[in-house]
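The values are calculated or read from the model by the stated rules, or taken from the named source; none is laboratory data. What you see is a predicted model, and the numbers here were worked out from it, not measured in a lab. Positions of Cβ are generated from backbone atoms using ideal geometry, with glycine treated the same way; all protein chains shown enter the neighbour counts.
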Amino acid sequence: MTAVNGEIYIHVEEQGKSDPTLIFLHYWGGSSRTWRHVIAALANAWRTLAVDLRGWGLSDAPREDYALADFADDVERVIRARGLSDFVLVGHSMGGKIAQLIASRQPEGLAGLVLVAPSPPTPLGLPPEMLVGMEAAYASAASVAATINQVLTAKPLTEGQRRQVIEDSLRGGAAAKIAWPRHSSQEDISAAVSAITVPVLVIAGECDRVDSVSTLETELLPRIPQARMRVLAGTGHLSPLESPGEIAALIRTFISALPKNAISARVRQASQP
């Protein structure tokens, strides 16, 4: 189904009915399809909304406005349009950085935050020539295939998964493809994330060459003191495709441990003068 955000149409795939609602945000180059195996492994335990971020998947691709705040505003409008009052954000890579910004705004109803191979809140620490190289990573099927093999994965993908990654990467809007390496990956939201108050689970890939375990230990964990990290053995950056069952199991454990009265307490706090 599709949610309308002002003049921008944001595509959302919805399943399940039970709260809390899990809102899935994909990586740079992905789409809502990135989360299919994780969502399937959760077996409709909760309501899930998998979002195509602006510029990707079936959502509109404007020629500009790809700052982290633009993505965050889109997601918050989807949340308000659906009337969600009990939800958990699940963000992968770029989607993880967007999720951090949303959580720092302390939206009413947010119960928890799951960050999967997230981009840290500090600027992406790559040399300028590598950032320029990223702009060509999704230029052709061959370049996407090379990126999958050389950068994104440690475990082999199925042929269907490889086709999906290539299709999603090529389908992205031109402005969306270049905005992340040129601009939004370089945004510094490290001061903002100190305002995150909900429980946070960080899921890292042992063999991630994009957002490594050591990077997350240095750049993310000290800035979100309540965050707890789990490491997936033998897994690269595309962990929702490489290790979906393990991610689903960690999400189940995390949600089952959330305080039952967390939402009502936050609502009461927000209503106090």
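The strands (runs of 3 or more DSSP E) falling completely within segment 1-79 that include 1 or more residues that are at pLDDT 95 or above and not aromatic (Phe, Trp, Tyr) map to 8-15, 21-25, 48-51.
Of all residues in segment 112-126, exactly one satisfies the criterion of being under 14 Å from Ala72 (Cβ atoms) and assigned to a strand (DSSP E or B), namely Leu113. Taking each residue of segment 201-215 that is free of Cβ contacts under 8 Å to residues at least 60 places away in the same chain and looking for partners that are of a type in the set (Lys, Arg) with beta-carbon atoms closer than 9 Å, six or more apart or interchain, yields Cys207/Lys155. Determine, yes or no, whether Ala111 is small (Gly, Ala, Ser), surrounded by 15 or more Cβ atoms within 10 Å (Cβ to Cβ), more than 26 Å from Ile8 (Cα to Cα) and modelled with pLDDT of 95 or more. In short, yes.
Taken over segment 66-103, the criterion of being among the aliphatic types (A, V, I, L, M) and without any contact (Cβ under 8 Å) to a residue 40 or more places away in the chain is satisfied by Ala69, Ala72, Ile102.
So in segment 28-38, with the set limited to residues that are under 21 Å from Leu110 (Cα atoms) and in contact (Cβ under 8 Å) with a residue 40 or more places away in the chain, which one is surrounded by the most Cβ atoms within 10 Å (Cβ to Cβ)? Steps first, answer last, please.
Initial filter on segment 28-38 (under 21 Å from Leu110 (Cα atoms)): 32, 35, 38.
The next check asks that each one be in contact (Cβ under 8 Å) with a residue 40 or more places away in the chain; those that pass are 35, 38.
Values: Trp35: 28, Val38: 25.
It comes out as Trp35.
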